[in-house]
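Readers should treat all values here as calculations from the given coordinates under stated rules, not as data from a laboratory. These figures come from a predicted structure and were not determined experimentally. Here the Cβ positions follow ideal geometry from the backbone for every residue, glycine too, while neighbour counts run over all protein chains shown.
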Amino acid sequence: MKTKEFTLSEREELSRLLVQDQSFTAIAKQLNKDKGTISREVHRRGMDRKTYRAHKAHWHARRQKKKQGRKRKIEQNPVLKKFVMAKLRLRWSPAQIAVKLERLYAGDKSMQISHETIYSYIYVLPRGSLKKELLNYLRQQKKYRRRKNKNQPRENQKQLNRGQIPEMISIEERPREVLDRIVPGHWEGDLILGKWKQSALGTIVERTTRTTLLVPLGKDKDAETVRKAFAHKMKTLPAQMKLSLTYDQGKEMSEHKLFTKKTQIKVYFAHPGCPWERGTNENTNGLIRQFFPKGTDFNKVSKREINKVQQLLNGRPRKVLDYQTPYEVFGRLINNMLQ
């Protein structure tokens, strides 16, 4: 019966047969193994026919087997596992979870874990409902992890072909303080379109605190509806936090002058095809897609569900805020302004 496992003596015999320049087929017959098994063994750890060494291959094989049989840290600690799973279900990223654990359990190494270890745990899980569930909680929801190519430039492939909005104010006229994020109260806005572009969700995010407001729109995304819905959502904000709104050149914001009149919030428009000019909003839209993936019909999403997602987004720590939550930073700023 053919086996895939090699003993040390079999590896030594394989090494001798390679020196004799025998083919993989001939070696497979003599060692009673498949030709593919011989080929994989010879090319283990970057070796080949000329560089294969029995003891080196055997050492690496035993090390790998020992590593595979070892329980991962998450599996060893039920309390740690419960914490990680709970936060993943709240759509926290592995980095956010790792930092929170480090701060909560500063003196307990058994309750600390790196974000890479969390990613590794998720991706090595066998196919099944648990792995599928955990992957859905990750922002990118990729089935496999791939190394990022840092040398590859990110290019925007979308070319917008929109008409001019009357009397719009260019982003170039926006105060310098907005770009530097020195003063809070400057927002970025956009629409996330639903299935077949038949519904939409308004998104507004504050540049300094990353506080996110979600605006239910359903099937109505015309200029008047968007203007009224956005104005109603931002009406409850303190006056100090209502300074400006940066938007793309979507026609849904064509009533910007009336919006400014009603809210005292000045609207600036980004250049066509330049999403990086509203980078905070673009990044936030990516986070929102964790909850409402492409193909979502917003006509079927209740206001209660939208408000719940808004609370989850603002209640989870963000790396850019030194792992504080938007709620915490926003609240502290408001208290400082009122003092």
Built amide H within the under 5 Å cut-off of Asp190, gap 5+: Thr203
Quick calc, region 8-79, dipole around Cα centre from Cβ unit charges on Lys, Arg (+) and Asp, Glu (-), nearest 20 debye, gives 540
Report the paramagnetic label zone for Leu338: residues of region 209-250 whose backbone N is under 18 Å from a point 7 Å from Cα along the Cα-to-Cβ axis. 235-242
At a Förster radius of 35 Å, what calculated FRET efficiency corresponds to the Cβ-Cβ distance of Tyr323 and Asn299, to the nearest 0.05? 0.45
Just to be sure I understand: with springs between alpha-carbon atoms less than 10 Å apart, which residue in Val329, Val84, Val124 has the highest mean-square fluctuation in the Gaussian network model of the chain? Val124
Would you mind checking the pairs Lys251/Lys300; Lys197/Lys294; Lys219/Lys242; Lys195/Lys300; Lys87/Lys303 and listing those with alpha carbons more than 18 angstrom apart? Lys251/Lys300; Lys219/Lys242; Lys87/Lys303
Once Glu167 and Trp276 are pulled to full extension, the length gained, defined as 0.36 nm per residue separation minus their Cα-Cα distance, is 37.0 nm
Out of residues 5 or more away from Phe269 or on other chains, whose amide H comes under 5 Å of its own, with H placed 1.01 Å from N in the peptide plane? Ile169, Ser170, Ile171, Tyr247
Lys/Arg Cβ at +1, Asp/Glu Cβ at -1, dipole of region 168-279 taken about the Cα centre: which of Ser199, Met253, Phe269 is farthest positive-ward? Ser199
With R₀ set to 56 angstrom, the calculated FRET efficiency between the beta-carbons of Trp196 and Arg49, to the nearest 0.05, is 0.45
Which one of His43, Ile182, Ile334 has its Cα pushed farthest toward the positive end of the charge dipole of the chain, where Lys and Arg give +1 and Asp and Glu give -1 at the Cβ? His43
Magnitude of the charge dipole, the chain, Cβ model with Lys/Arg +1 and Asp/Glu -1, debye to 20: 1780
Answer label, with Cα Rg over 2.2 N^0.38 Å calculated from the coordinates and candidates (1) 1.02; (2) 1.39; (3) 1.10: (2)
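Quick one: dipole size for region 1-138, taken about the Cα centre, charges +1 on Lys/Arg Cβ and -1 on Asp/Glu Cβ, in debye to the nearest 20.
Computed charge dipole of region 1-138: roughly 260 debye.
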Once you place label points 7 Å from the Cα toward the Cβ at His115 and Lys29, how far apart are they in nm? 5.6
Straight-line reach check, Lys81, cutoff 12 Å on alpha carbons, 8 or more apart in-chain or any other chain, hits among aspartates and glutamates -> none
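If you take every DSSP beta bridge whose two residues both sit in the chain, what share of them, in percent to the nearest 5, is antiparallel? Mind dumping the intermediate values first?
Values: 14 of 22 bridges.
Close to 65 percent.
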Working out 0.36 nm times the residue gap between Glu12 and Glu177, then minus their Cα-Cα distance, what length gain in nm do you get to one decimal? 52.3 nm
Name the residue from Ile171, Val215, Asn136 whose Cα lies farthest towards the positive end of the charge dipole of the chain, charges +1 on Cβ of Lys and Arg and -1 on Cβ of Asp and Glu. Asn136
